[in-house]
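Reading through the structure tokens given below for one structure.
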Amino acid sequence: MESYSTSNPRVPYRMMHEQPALPPLRGKRLLVHVAVNVEFWPFDQSMPRAILPAPHGQSPIPDVGNFAWVEYGMRNGMSRLLHVLGERGIEASALLNAACCDVYPQCADAMLAAGWEFVGHGWLQRSLQREADEEAVIVRSLERLRSFSGQPVRGWLGPGLGQTFDTPDLLKKHGVDWVSDWYVDDVPCWLETQHGRMVAMPYTVELNDVPIWVIEKQKSDEMHRRVEATLEVYDHELQHNPRVLTLALHPHVIGVPHRMAWFTRTLDLLLARDDTLFVTGSEICDWFIAAA
């Protein structure tokens, strides 16, 4: 019989009640991270995901219907997100396919002007497991984002949450300090690599618009209802330790009018609390490293 000394090779196991106490960040214990996935889906390739089923059971190329679904988000959804967040003084993290800097330059400029943090998310929306040279894709993506934004680009989320066995080692090797693919906790924790520790950043598939509306087909108010229920539990836990509440968004999903109406209500619900701080990924990372 095989025996195992750890549940996974990267993040040592611990239970929530074993977490060391972390201090508030700027006096706040509820840290809200708005994480916007900004993606390039090439028109001449199979779409990474579909809202419309493939006719005759075969995915067409070009897939105009599903391409247009995503392109709507880049045209209209992004404008709406930039407006409602900017109106409230909220700076988001842009989990950004690096090719967007060239394919959607107006959008990249607008996010930069709004003070959003640029986070690596591959070159285009294709899992690193499908890349012939994973390291080359990582390097190319980081270099383009850094040259465009002037930011250090310290974070990463894999396209489709995809990693190989080597991904954390390669990311750390090339200057990435935190990664969101290992979303094993409601606060950051340490992730081991061959080049030293990096931060495993809280992310979410529960407050994520793709599972909620594309996969589960929930009602327009579902994310709002889940945030309210999450806060009921967090209100007890915040007495002992801060919590990171991530809202994982895609402009073609959250950015349609009937969902944006509820999203603005969610933002205002969070802003009305006296313990809430909206933060970017690297702000959370720096807070955790300083406290750990």
It is to be established whether one or more residues within segment 182-192 are over 30 Å from residue 134 (Cβ atoms) and either under 18 Å from the mean Cα position of the chain (by Cα) or among the small types (Gly, Ala, Ser) (or both). no
Give just the number: which of (1) farther than 30 Å from residue 166 by Cβ; (2) assigned to a loop (DSSP other than H, G, I, E, B); (3) not β-branched (Val, Ile, Thr) does residue 65 not satisfy? (2)
Identify all residues within segment 148-168 that are over 16 Å from residue 201 (Cα atoms) and charged (D, E, K, R); write none if there are none. 166
Does segment 30-47 contain any residue that is at negative phi, surrounded by fewer than 20 Cβ atoms within 10 Å (Cβ to Cβ), part of a helix (DSSP H, G or I) and among the hydroxyl-bearing types (Ser, Thr, Tyr)? no
Here's a check for you: in segment 257-278, which residue that is touching a Ser or Thr at 6+ places or on another chain (Cβ under 9 Å) and in contact (Cβ under 8 Å) with a residue 40 or more places away in the chain is surrounded by the most Cβ atoms within 10 Å (Cβ to Cβ)? 259
Any idea which of 193, 204 is modelled with pLDDT of 95 or more, out of contact with any strand residue (DSSP E or B) (no Cβ under 7 Å at 6 or more places or on another chain) and more than 17 Å from residue 125 (Cβ to Cβ)? 193
In segment 202-292, which helices (runs of 4 or more DSSP H) lie fully inside it and hold 1 or more residues that are basic (Lys, Arg)? 222-237, 257-271
Of residues in segment 69-112 being small (Gly, Ala, Ser) and in a helix (DSSP H, G or I), the one nearest to residue 252 (Cα to Cα): 73
Look at residue 129 and say whether it is touching a Phe, Trp or Tyr at 6+ places or on another chain (Cβ under 8 Å) and within 28 Å of residue 169 (Cβ to Cβ). no
Pairs, first more than 17 Å from residue 185 (Cβ to Cβ) and free of Cβ contacts under 8 Å to residues at least 60 places away in the same chain in segment 230-245, second buried (at least 17 other Cβ atoms within 10 Å of the Cβ) and of a type outside the set (Phe, Trp, Tyr), C-beta under 7 Å, six or more apart: none
Suppose we keep only residues that are in contact with a Ser or Thr (Cβ under 9 Å, 6 or more places away or on another chain) and of a type in the set (A, V, I, L, M) within segment 125-144. Which one would you say is nearest to residue 82 (Cα to Cα)? 138
Since residue 243 meets every condition but one in (1) touching a Phe, Trp or Tyr at 6+ places or on another chain (Cβ under 8 Å); (2) over 21 Å from residue 16 (Cα atoms), which condition does it not meet? (2)
For segment 150-169, the count of residues that are outside any loop (DSSP other than H, G, I, E, B) and over 18 Å from the mean Cα position of the chain (by Cα) equals 1
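For (1) under 30 Å from residue 51 (Cα atoms); (2) surrounded by fewer than 20 Cβ atoms within 10 Å (Cβ to Cβ); (3) free of Cβ contacts under 8 Å to residues at least 60 places away in the same chain, each residue gets a yes or a no:
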position	(1), (2), (3)
168	no, no, no
171	no, no, yes
178	no, no, no
182	yes, no, no
196	no, yes, yes
228	yes, yes, yes
250	yes, no, no
Cross-chain or 6+ apart pairs with Cβ under 6 Å, segment 51-62 first and in a loop (DSSP other than H, G, I, E, B), then among the hydroxyl-bearing types (Ser, Thr, Tyr): 59/46
Members of segment 92-150 that are surrounded by fewer than 16 Cβ atoms within 10 Å (Cβ to Cβ), closer than 20 Å to residue 166 by Cα and among the charged types (D, E, K, R): 130, 133, 140, 143
Got at least one residue in segment 6-19 being exposed (fewer than 12 other Cβ atoms within 10 Å of the Cβ) and farther than 30 Å from residue 166 by Cα? yes
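The values are calculated or read from the model by the stated rules, or taken from the named source; none is laboratory data. Just so we're clear, the structure is a prediction, and the values are computed from it rather than from any experiment. Ideal geometry is used to build each Cβ from the backbone, glycine not excepted, and the neighbour counts take in all protein chains shown.
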